[in-house]
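**Student:** Sharing a structure with you now.
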Amino acid sequence: MRKFNNGDLNFAIEKIVSFDVPITVAKAFDGNLDYPYALDVEDTSYFYPDGESRDYDFDLLKEMIPKFSFVEL
């Protein structure tokens, strides 16, 4: 299995996979943070230093759990 760039997401993926739909995964950005790029999965955010790392994890989640709703910026 491929690994996510965000270690917390790697740790939580088993729980996330078990979520009942509808679940929304959304890309986010907040320039005021040290790690300004984020993925919002239900009530949890996973932060990244750059958009490429976040986008990789977004695409991997999309591939692994296509039943979720995915929102691009």
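The values are calculated or read from the model by the stated rules, or taken from the named source; none is laboratory data. Just so you know, these numbers come straight off a predicted model, no measurement behind them. Quick reminder, even Gly has a Cβ in these numbers, built from the backbone with ideal geometry, and neighbours come from all protein chains shown.
This table checks each residue for (1) touching a strand residue (DSSP E or B) at 6+ places or on another chain (Cβ under 8 Å); (2) of a type in the set (S, T, N, Q); (3) closer than 14 Å to Leu60 by Cα.
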| residue | (1), (2), (3) |
| --- | --- |
| Leu9 | yes, no, yes |
| Val17 | no, no, yes |
| Lys27 | yes, no, yes |
| Tyr37 | yes, no, no |
| Glu42 | yes, no, no |
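**Student:** Still on this structure: Based on what the data block shows, is Asp34 of a type outside the set (A, V, I, L, M, F, W, C), over 16 Å from Leu73 (Cβ atoms) and in a loop (DSSP other than H, G, I, E, B)?
**Tutor:** Values: of a type outside the set (A, V, I, L, M, F, W, C): yes; over 16 Å from Leu73 (Cβ atoms): yes; in a loop (DSSP other than H, G, I, E, B): yes.
So Asp34 passes the test.
**Student:** So is Asn5 outside any helix (DSSP H, G or I) and either surrounded by 11 or more Cβ atoms within 10 Å (Cβ to Cβ) or modelled with pLDDT of 95 or more (or both) or not?
**Tutor:** yes
**Student:** Which one of these is more than 11 Å from Asn5 (Cα to Cα), within 9 Å of the chain's Cα centre (by Cα) and without any contact (Cβ under 8 Å) to a residue 12 or more places away in the chain: Asp40, Asp59, Asp30? Give the derivation first.
**Tutor:** Numbers: Asp40 fails: without any contact (Cβ under 8 Å) to a residue 12 or more places away in the chain; Asp30 fails: within 9 Å of the chain's Cα centre (by Cα).
Within the list Asp40, Asp59, Asp30, the selection yields Asp59.
**Student:** If you check Tyr46 against the conditions, is it surrounded by 13 or more Cβ atoms within 10 Å (Cβ to Cβ), of a type in the set (Phe, Trp, Tyr) and in contact with a helix residue (DSSP H, G or I) (Cβ under 6 Å, 6 or more places away or on another chain)? It would help to see each step written out before you state the result.
**Tutor:** Details: surrounded by 13 or more Cβ atoms within 10 Å (Cβ to Cβ): yes; of a type in the set (Phe, Trp, Tyr): yes; in contact with a helix residue (DSSP H, G or I) (Cβ under 6 Å, 6 or more places away or on another chain): yes.
Yes: the conditions hold for Tyr46.
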